[in-house]
Amino acid sequence: VQLQASGGGWVQAGGSLRLSCAASVRTYGRYIMGWFRQVPGKEREFVVAISRNGGSATYANSVNGRFSASRDNAKNILYLQMNSLKPEDTAVYYCAANTAVWSTREQATNYNYWGQGTLVTVSS
């Protein structure tokens with residue numbers, strides 16, 4: 001499985017960005033997909049996980065109500081719409097794929113495959 005994240009960039013506080021993650025796999029619908037983020041010197045942080053059919057999503061408290069994840073299983077693409085961005089959202093954002101059960105969705109160690117990351121910078 002190869003994951004390619006894109007869409008990062010620079011934005012002012014209060015702005016929006018949409019990240020995409022394209023997956024090269026024939027069985028995309030078998031994977032729980034997640035977004036994580038990381039800043040230098042800190043551990044990778046859970047942002048959101050979306051279920052295999054896209055019907056359920058779990059968000060970190062810090063982004064709930066501002067971010068929205070979706071997936072297109074016909075195109076093998078995962079999205080993260082980020083609105084009302086804050087400077088503390090600045091990080092490298094990673095998409096990841098998880099073959100385990102839904103209860104493991106918030107732990108980075110349970111994800112089998114990772115994209116290369118895309119940098120999001122939010123200025124105040």
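The values are calculated or read from the model by the stated rules, or taken from the named source; none is laboratory data. Small disclaimer: the values here were computed from a predicted structure and weren't measured. Here Cβ is always computed from backbone atoms with ideal geometry, including for glycine, and neighbour counts include all displayed protein chains. Surface areas here come from the heavy atoms of the whole protein model, side chains and all, with no ligands, DNA or RNA. Shrake-Rupley method; radii C 1.70, N 1.55, O 1.52, S 1.80 Å.
Using Cβ point charges alone (K and R +1, D and E -1), the dipole size of the chain about the Cα centre works out to roughly 300 debye. Karplus-based coupling profile of segment 113-124, in residue order and whole Hz: 10, 9, x, 7, x, 9, 7, 10, 10, 10, 9, 8, with θ = phi - 60° in 6.51 cos²θ - 1.76 cosθ + 1.60 and x standing for Gly or Pro. Here the Gaussian network model covers the chain, with springs between Cα atoms less than 10 Å apart; of SER51, SER20, SER103, SER103 fluctuates the most. When the chain is treated as a GNM with alpha-carbon contacts under 10 Å, the residue of LYS42, LYS86, LYS75 showing the greatest mean-square fluctuation is LYS42. Comparing GLU88, GLU45, GLU106 in a Gaussian network model of the chain where C-alpha atoms under 10 Å apart are linked, the largest mean-square fluctuation is found at GLU88. Element breakdown for the chain at a 1.4 angstrom probe: carbon and sulfur atoms account for 45% of the accessible area. Computed with a 1.4 Å probe over protein heavy atoms only, the accessible surface of the chain comes to 51 Å² per residue.
Maximal additional length on extending the ARG66-ASN53 stretch stands at 2.5 nm, based on 0.36 nm per residue less the C-alpha distance. The DSSP beta bridges internal to the chain are antiparallel in roughly 90% of cases. Computed from the C-beta positions of THR104 and LYS42, the FRET efficiency with R₀ = 22 Å rounds to 0.55. For segment 79-124, a/c is not less than 1.5, where a ≥ b ≥ c are the root eigenvalues of the C-alpha gyration tensor, and a/b tops b/c. That puts it in the prolate class. Using a/c under 1.5 as the rounded threshold, could you call segment 1-96 rounded, prolate or oblate? The axes a ≥ b ≥ c are square roots of the C-alpha gyration tensor eigenvalues, and prolate needs a/b larger than b/c, oblate otherwise. Prolate, since a/c reaches 1.5 and a/b exceeds b/c.
Based on Cα contacts under 8 Å between residues 6+ apart, segment 13-124 shows a relative contact order of 33 percent.
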